[in-house]
Amino acid sequence: MKLHYKPGACSMASHIILNELGVSFDLDKTDTDGRTTEAGDDFRKISPNGYVPALITDNGDIITENPAVLQYLADLSPEAGLAPANGTLERTRLQEALNFVSSELHKSFSPFFSGVEMDDAAREKAVAGIGRRAAHIESILADGRSFLLGETFSVADAYAFVVLNWAGFISVSLDAHPKTQAYVARIAARPASIKAMIAEGLMEQAA
Ligand SMILES: N[C@@H](CCC(=O)N[C@@H](CS)C(=O)NCC(=O)O)C(=O)O
């Protein structure tokens, strides 16, 4: 398997999950602007929309879109428990969480990565948008659960972690959402997350 990724981008969720699974895989750092990859592939042929993640399976199939890639990976090893079984209400809850992270939480960060300079009013509006989505995560965690679906870490947590972690990089405070902050720290401390962050250059290897 090969994962096309950009350091620290949403593709890091799949990278974390590959580490959680302990399977062997290749990483190909991808320049989504230049549409080229470190291995020399033409990324336009891999991902028509030009974005990561793109997963090349062992059969050569290409899978894109975070919720699809993450569920595909989880289903490779059901015994790892990273997604509830297909056809169950719990699986629907996972899809609910993945779609929220993908279309609401992730996209609330888009103004910061669009390359368009924001004035104070635009930044305030964008920060408020992130706050509204973080408040929803906070409300899910309000009953004391450790992860979005309960006590079991799932692929949705890897994705939510990667996105919420961007807040620090753009100096947006999550102080108003203490359970969410603790949730981010909890997932950041997982060996699979640390390994992915070191490999993508977000963290240094401890001495
Ligand atoms: N709907 C896509 C969105 C993926 C996405 O936004 N990827 C970003 C990185 S987080 C990207 O590659 N952006 C570069 C670009 O759009 O050119 C998914 O869920 O996979």
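The values are calculated or read from the model by the stated rules, or taken from the named source; none is laboratory data. Keep in mind it's a predicted model, so treat the numbers as computed, not measured. Positions of Cβ are backbone-derived with ideal geometry, glycine not excepted, and every protein chain shown enters the neighbour counts.
Let me confirm something: among Leu27, Leu76, which residue is touching a helix residue (DSSP H, G or I) at 6+ places or on another chain (Cβ under 8 Å), away from the ligand (no atom under 13 Å from the Cβ) and farther than 12 Å from Glu200 by Cβ? Talk me through it step by step, then tell me what you get.
On the way: Leu27 fails: farther than 12 Å from Glu200 by Cβ.
After applying the criteria, what remains is Leu76.
In the set Ala9, Ala54, Ala85, which member is surrounded by fewer than 16 Cβ atoms within 10 Å (Cβ to Cβ) and either in the same structural domain as Leu148 (by TED's automatic domain parsing) or of a type outside the set (Asp, Glu) (or both)?
Ala85
I'd like the full set of residues that are surrounded by fewer than 17 Cβ atoms within 10 Å (Cβ to Cβ), among the hydroxyl-bearing types (Ser, Thr, Tyr) and either in contact with a Lys or Arg (Cβ under 8 Å, 6 or more places away or on another chain) or closer than 15 Å to Ser108 by Cβ (or both), limited to segment 137-180.
If the condition is that a residue be surrounded by fewer than 17 Cβ atoms within 10 Å (Cβ to Cβ), among the hydroxyl-bearing types (Ser, Thr, Tyr) and either in contact with a Lys or Arg (Cβ under 8 Å, 6 or more places away or on another chain) or closer than 15 Å to Ser108 by Cβ (or both), then Ser146, Ser173 are the ones that fit.
Please work out if Tyr183 is touching a strand residue (DSSP E or B) at 6+ places or on another chain (Cβ under 8 Å), closer than 28 Å to Leu18 by Cα, at pLDDT 95 or above and surrounded by 12 or more Cβ atoms within 10 Å (Cβ to Cβ).
Spelling it out, Tyr183 is indeed touching a strand residue (DSSP E or B) at 6+ places or on another chain (Cβ under 8 Å), closer than 28 Å to Leu18 by Cα, at pLDDT 95 or above and surrounded by 12 or more Cβ atoms within 10 Å (Cβ to Cβ).
Please go through segment 1-24 and pick out each residue that is more than 15 Å from the ligand (Cβ to nearest atom), of a type outside the set (A, V, I, L, M) and either within 24 Å of Val184 (Cα to Cα) or assigned to a strand (DSSP E or B) (or both).
Within segment 1-24, Lys2, Asn19, Glu20, Gly22 qualify.
For a quick check of your reading of the model, give me the residue pairs whose first member lies in segment 29-52 and is under 18 Å from His15 (Cα atoms) and at pLDDT 95 or above, whose second is within 12 Å of the ligand (Cβ to nearest atom) and assigned to a helix (DSSP H, G or I), with beta-carbon atoms closer than 6 Å and at least 6 apart or on different chains.
Sorted first by the residue in segment 29-52, then by its partner, the pairs are Thr30/Phe43; Thr37/Phe43.
Name the residues in segment 187-207 that are under 15 Å from the mean Cα position of the chain (by Cα) and assigned to a helix (DSSP H, G or I), would you?
Ile187, Ala188, Ala192, Ser193, Ile194, Lys195, Ala196, Met197, listed by residue number.
Please work out if Ala97 is within 17 Å of Ile17 (Cα to Cα), more than 15 Å from the ligand (Cβ to nearest atom), touching a residue at least 60 places away in the same chain (Cβ under 8 Å) and crowded, with 16+ Cβ neighbours inside 10 Å.
Taking the combined requirement at face value, the residue does not satisfy it.
Can you find a residue in segment 135-151 that is in contact (Cβ under 8 Å) with a residue 24 or more places away in the chain, under 15 Å from the mean Cα position of the chain (by Cα), in the same structural domain as Gln95 (by TED's automatic domain parsing) and over 18 Å from Ala74 (Cβ atoms)?
Yes, that holds for at least one residue.
For segment 30-57, which positions are among the charged types (D, E, K, R) and within 10 Å of the ligand (Cβ to nearest atom)?
Step one: of segment 30-57, the residues among the charged types (D, E, K, R) are 31, 33, 35, 38, 41-42, 44-45.
Once the filter is applied, which keeps residues that are among the charged types (D, E, K, R) and within 10 Å of the ligand (Cβ to nearest atom), segment 30-57 yields Asp31, Asp33, Arg35.
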